[in-house]
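Here the structure comes first, spelled out in structure tokens, and everything after it is commentary.
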């Protein structure tokens, strides 16, 4: 047993740290905060230029062929630093699907641009009436010669306003069982008929509704078989899209520890000597360590040639539920000061706990709700029977 | 709005207190503790003799016609004092069923003895393979002339070793839907073919398995219609069998408050000035108050001529889950000393927290599990759809 | 025992329920962000007598009981009223209790000149009153400096602190315009009583927040379908809401009891004020969180109402402190007074 | 990174797994109540070298790492081993580290004469060592009196304290037979190291308790039917167990990391010892509670095994203190050493 990520990972982590200290400027942070957009083109392209966008990809595609632990080490740093990474995550997930299921033409068209940081791809799965039950998607695609005509609506198309393509789940056959009539397309977003409507969330992050009215896409941008969209989705989801590596917790706890070291309570005692403060910090630190370890286990399995399944659900479930608990607890710990908002000049540690509390609300839903993860763990992990 | 139970209730509470101070002796308590039997014949008969066994019953049956709030006030006292009351609860529930559904002969035979404290009746619903799903009972009753022949097994027949009758749910028709083939009988326990096997629980309480081998019961002791047992059960369950009135919490918190007042921490500070101790005590006190209020609401509804339904489930759910939380929290609060067992001479406050932790385990199951209560609240209270 | 409101109490509830339905639909709440103050609503509240009722008749008010105010506070919470009603009521009651010329004059201005008065829930530190509820829109603030109860005209209108609950809170510097209302033991007693009253009213406001958030959640999970069934039929959803419903019912009982006890069982009043506020804060937060979470992605869209409730359930009580602080205060009162239960 | 045990580690696991299966079936655990000590099991453990392995080769042992001992502790926990293995191992390691004649002699008696040595986890109060783990069956106890590390032969065999977990714990009076092992800074350092080691081994024992209790619960809810279906198909049951499974997996990772860090990442060793013990204690308790509850009425029958697990999950770690105490100790170490994460 060895809990080190290894020398190569450590070295690559240092490279990521160096990149971040140079490129994750106050301006980049402030732009994220003020716009709610967790994507920054300059940062994104610079990341690609430094070999930090897709380091795990083979060299033939522009990657560096780094192993899963190296990739994890750099991902941990990007998350801990609070860098804008949403665009990278969705783009690489779709790129992976194309690499495994796409045509040679598609690979030639998309992969170089995606991996060089020139384009980003966003996800169009969720619909107003189809969230956890993603296979219930109703957005229609109807064949018209070499093209398909798309009509429908997607929810939470985060970064659509920045993106070049949306990876769209559509219904091509409404006559068959819901899983059997789906097809996926790579739809160019910058075309007539696509409407992007911003949606602001409680954490200030921006996402979008996207509407598709007689939008046309060439059949050459169909990913996978006609009516084979569910298989494509299944493959896509195995590329651990966004297992949180604990970075949000790391940043939060660090800020709270600094507060404890620097402040005193009503009677002048350092917070760092208050047993209650210490117990809260310690519990959060324990959960943070577990979050990190559950994510590292996934990377290690991947590194060992095993696709993490239930382990990914555990990592995602624990990370998001734990972040929610911690954030709430820290807001409470700060007393009345806990409600001073992120961005208010009087907030403690720039209001990170307050922001985190609002931000955490999304983490237990995005990318598969906690309920869905628990179903997976119960049924696939523990072998419990499905509800009848 | 008025939160007083009222002068008559206050006066009757005083009467209960006086009775308890005279009759709930150390011997009675020690016997409960050492045997795990929460029934004491001398105490039980004395309670009846003092008009405290069934004070809510009409005078024609030997009660005092007291209203639901008076009855509640005395019940609160008996529970807060930790008196042996299991026998009373089951006996009166069955007596109520007989009063409403029984024949005149049954009323004459049973009610005077039950209300005078001369007999107790226990419940025989649960079976090894039928717990929450009580209608799945398999204990068979087969007609043989004027008698029925019973074969089967019941779980958790608490106080069977003390009781005169068991109120037995049997299957008389295995050919129909499970709810439609049940019949209830009042089966004399002191007869050949009845075997009582003690079961000791983690709290030290004694309950029993009961086995029935060709046990005979006269048709005159059938309660309700043949195959009408589910209706009888439904009626029976409306007589709030055992909504906890918070007494277990009251006793526990009082002991912990005394501890806080009397002891000091490692640096000599009184526990009563430790913010952490105070926060735990206060949270428990708040939950205790809510437990009491939820129970009083049921009594008030009853007093107002309304049968509490969902409100009873809420009271039972909250009381038992809260007691579980409190007990665990207090065991933790006491530090290593928390694990000294009830009965050990070195235990704090006679080990009440430690005992309560073990005791509470049963309260979230007996009398309808928390899961069943939540189903009732969700479906009947909130109008949520049943699972398909 | 009677858990039903009396006819008069029901009339009060109906009046304010209708008032908030008309004057404070959720769009107005949203429009009042981020300041959390709707001057129009405040004016209508004054017209309705929401402040006057809080003050004893002898001091020129209508002499409502704390229980009456609690029933109003519940409606205020249900509608997330963007106005510093609770603070102003509590502060006005302090002025009425203090008596004497200075207080009477201040109270008169509040009742007749529409000056907004509020109260700081904590003594000043470094000559600053932190996070005074209503402080960003108030004209006068009452505070306790450890020995004296003071009243100060806020000359330099407090700087609005951006906060989770979009409340008009401010940090207020103390200046030389502070006037002493009363000192010594009486000052402390009045301040502690005011804090108790604030907690009671906040508890009832939180009952309103919690109850309404639960309704929103229940309605949503009945309508929303997934996998071909309403999501409210899943136990993971149904049981969460059943727990929340139980806690909300419990919080309503204890919050009303606390308000009742202020007039009818004064020995337990402090204890119940603290315990009910802590319990109701946690119950409301839990109900809001579950309702929000069961909304799926919609839950954290600003466009949906549930996030408005969630943020206020956290922030409104937090200006006093986290629930454990309330529980500890309640427990300390129990230990000090050796009062038993029920 | 390699989360798989090495071949040697796997062999150790297999050896002890087979050993406990043979020497410590659950009937033996039950038979050993209430003392919580099975002398026969203890003798077999010694034969197997479970104590000898804990001691450095220089001191006459086999020099196993703390990670090796942790893997054994996990098996010990899985089987609820009724023997003071962890305490004896930690105490023996203290004696080996102290060196010198007195300690060497004491250690020699432990390794060759089968005297049982244990360690008090807290300094004495009023000349009494409270709730010493293994204290009811030990011959010698090591304790830290605030300045000195002492060893005392227990002449008046400690009085067994009846306890939730049926452990052989005792309150032990200090008498004049106490011999000083070492004093000053070294004494404190050795004592704190011993506490860290105890917490690491306890964390891993709790992983065993939690993992086994989860298996018991999962098996039960697959078999048990209600309303015509296995109860494991109800979300209220399935989701509770899914949460528990996640926490148990997490506790195994952090507990093993803590044991590994004792040898390989010493700067984080104290922190991880404390945090892993607190986390594993809560995870085990939660898994046991859920499994017990989902047994319905069977859960609290003494006849069913799950209650044996539940009681030990609470009591074993409690001789140190509640999880928040462990978390606070871990946090204090983090703040003191300003060590960052992962």
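Those residues that are at negative phi and free of Cβ contacts under 8 Å to residues at least 40 places away in the same chain, I need them from segment A:295-319; list them, please.
A:297, A:301, A:304, A:306, A:311, A:318
Residues are listed down the side, and each one gets a yes or a no for (1) in contact with a helix residue (DSSP H, G or I) (Cβ under 9 Å, 6 or more places away or on another chain); (2) within 14 Å of chain D (Cβ to nearest Cβ); (3) in a loop (DSSP other than H, G, I, E, B):
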{"position": "A:10", "(1), (2), (3)": "yes, yes, no"}
{"position": "A:18", "(1), (2), (3)": "no, no, no"}
{"position": "A:28", "(1), (2), (3)": "yes, no, no"}
{"position": "A:31", "(1), (2), (3)": "no, no, no"}
{"position": "A:47", "(1), (2), (3)": "yes, no, no"}
{"position": "A:57", "(1), (2), (3)": "yes, no, yes"}
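For segment B:66-82, does any single residue satisfy the condition of being at positive phi, free of Cβ contacts under 8 Å to residues at least 60 places away in the same chain and assigned to a loop (DSSP other than H, G, I, E, B)? Talk me through it step by step, then tell me what you get.
Let us first name the residues in segment B:66-82 that are at positive phi, namely B:82.
Next, from what is left, pick out any that are free of Cβ contacts under 8 Å to residues at least 60 places away in the same chain: none.
No - not one qualifying residue is present in segment B:66-82.
Output the residue which, of all residues in segment B:33-45 that are touching a helix residue (DSSP H, G or I) at 6+ places or on another chain (Cβ under 9 Å) and not in a helix (DSSP H, G or I), is farthest from the other protein chains (Cβ to nearest Cβ).
So the residue we want is B:40.
What helices (runs of 4 or more DSSP H) lie completely within segment A:308-388 and have 2 or more residues being under 18 Å from the mean Cα position of the chain (by Cα), more than 14 Å from chain D (Cβ to nearest Cβ) and buried (at least 20 other Cβ atoms within 10 Å of the Cβ)? If you could, list the steps in order and put the result at the bottom.
Numbers: elements: A:310-333, A:352-363, A:370-376.
Correct list: A:352-363.
I'm trying to understand the selection: among the residues of segment C:155-179, which are over 26 Å from residue C:307 (Cα atoms) and assigned to a loop (DSSP other than H, G, I, E, B)?
Answer for segment C:155-179, where residues must be over 26 Å from residue C:307 (Cα atoms) and assigned to a loop (DSSP other than H, G, I, E, B): C:155, C:156, C:157, C:158, C:174, C:175, C:176, C:177, C:178.
May I ask you to verify whether residue D:249 is facing chain A (nearest Cβ under 10 Å), under 27 Å from residue A:278 (Cβ atoms) and at pLDDT below 95?
Judged against the criteria, residue D:249 is not a match.
This table checks each residue for (1) modelled with pLDDT under 95; (2) touching a strand residue (DSSP E or B) at 6+ places or on another chain (Cβ under 6 Å); (3) over 15 Å from residue B:294 (Cβ atoms).
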| residue | (1), (2), (3) |
| --- | --- |
| B:322 | no, no, no |
| B:327 | no, no, yes |
| B:346 | no, yes, yes |
| B:349 | no, no, yes |
| B:353 | no, no, yes |
| B:370 | no, no, no |
| B:380 | no, no, yes |
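Working only within segment B:198-237, note down all residues that are assigned to a loop (DSSP other than H, G, I, E, B) and within 14 Å of chain D (Cβ to nearest Cβ).
B:202, B:203, B:204, B:205
Take residue C:332 and tell me if it is surrounded by 24 or more Cβ atoms within 10 Å (Cβ to Cβ), in contact with a helix residue (DSSP H, G or I) (Cβ under 8 Å, 6 or more places away or on another chain) and assigned to a helix (DSSP H, G or I). Working first, answer last.
Values: surrounded by 24 or more Cβ atoms within 10 Å (Cβ to Cβ): no; in contact with a helix residue (DSSP H, G or I) (Cβ under 8 Å, 6 or more places away or on another chain): yes; assigned to a helix (DSSP H, G or I): yes.
The answer is no for residue C:332.
Residue D:160 versus (1) at pLDDT 95 or above; (2) within 13 Å of chain B (Cβ to nearest Cβ): which is the lone unmet condition?
(1)
Please work out which one of (1) closer than 15 Å to residue D:66 by Cβ; (2) surrounded by fewer than 24 Cβ atoms within 10 Å (Cβ to Cβ); (3) touching a residue at least 40 places away in the same chain (Cβ under 8 Å) is the condition residue D:187 fails and give its number.
Here residue D:187 meets the rest and fails (1).
Tell me which strands (runs of 3 or more DSSP E) are completely within segment A:129-183 and hold 3 or more residues being surrounded by fewer than 21 Cβ atoms within 10 Å (Cβ to Cβ), or say none if there are none.
Values: elements: A:140-144, A:147-154, A:165-171.
The qualifying strands (runs of 3 or more DSSP E) are A:140-144, A:147-154.
Quick check on segment C:145-154: of everything there that is part of a loop (DSSP other than H, G, I, E, B) and over 18 Å from residue C:88 (Cα atoms), which residue is nearest to the other protein chains (Cβ to nearest Cβ)?
Taking the candidates together, the pick is C:146.
Pull up segment C:260-276, narrow it to residues that are in a helix (DSSP H, G or I) and at the interface with chain B (Cβ under 9 Å from one of its Cβ atoms), then point me to the one that is surrounded by the fewest Cβ atoms within 10 Å (Cβ to Cβ).
By that ranking, first place goes to C:264.
Name the one entry in C:342, C:330 that is within 8 Å of another protein chain (Cβ to nearest Cβ), at pLDDT below 95 and closer than 25 Å to residue B:249 by Cβ.
C:342
Checking residue A:157 against (1) within 28 Å of residue C:293 (Cα to Cα); (2) modelled with pLDDT of 95 or more; (3) out of contact with any strand residue (DSSP E or B) (no Cβ under 7 Å at 6 or more places or on another chain), which single condition isn't satisfied?
Only one criterion is unmet by residue A:157, namely (3).
Is it the case that segment C:54-72 has a residue that's more than 24 Å from residue C:194 (Cα to Cα) and surrounded by 23 or more Cβ atoms within 10 Å (Cβ to Cβ)?
No, because not a single residue in segment C:54-72 is more than 24 Å from residue C:194 (Cα to Cα) and surrounded by 23 or more Cβ atoms within 10 Å (Cβ to Cβ).
Residues checked against (1) under 29 Å from residue D:258 (Cβ atoms); (2) within 14 Å of chain A (Cβ to nearest Cβ); (3) part of a strand (DSSP E or B):
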residue: D:141; (1), (2), (3): yes, no, yes
residue: D:185; (1), (2), (3): yes, no, no
residue: D:190; (1), (2), (3): yes, no, no
residue: D:194; (1), (2), (3): yes, no, no
residue: D:216; (1), (2), (3): yes, yes, no
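On the basis of being at pLDDT 95 or above, within 20 Å of residue C:120 (Cβ to Cβ) and part of a helix (DSSP H, G or I), does residue C:106 make the cut?
no
Could you check segment D:3-32 and list, in sequence order, the residues that are over 18 Å from the mean Cα position of the chain (by Cα), within 14 Å of chain A (Cβ to nearest Cβ) and in a helix (DSSP H, G or I)?
Answer for segment D:3-32, where residues must be over 18 Å from the mean Cα position of the chain (by Cα), within 14 Å of chain A (Cβ to nearest Cβ) and in a helix (DSSP H, G or I): D:7, D:8, D:9, D:10, D:11.
Checking the conditions here, which among D:110, D:137, D:169 is free of Cβ contacts under 8 Å to residues at least 60 places away in the same chain and either crowded, with 16+ Cβ neighbours inside 10 Å or more than 21 Å from the chain's Cα centre (by Cα) (or both)?
D:110
Considering each residue of segment C:296-315, count those that are surrounded by 24 or more Cβ atoms within 10 Å (Cβ to Cβ) and more than 8 Å from every other protein chain (Cβ to nearest Cβ), and give that number.
Going through segment C:296-315 one residue at a time, the tally reaches 4.
The values are calculated or read from the model by the stated rules, or taken from the named source; none is laboratory data. Here the structure is a predicted model, which is why all the values come from computation and not from measurement. Using ideal geometry, Cβ is built from the backbone for each residue, glycine included, and neighbour counts are taken over all protein chains shown.
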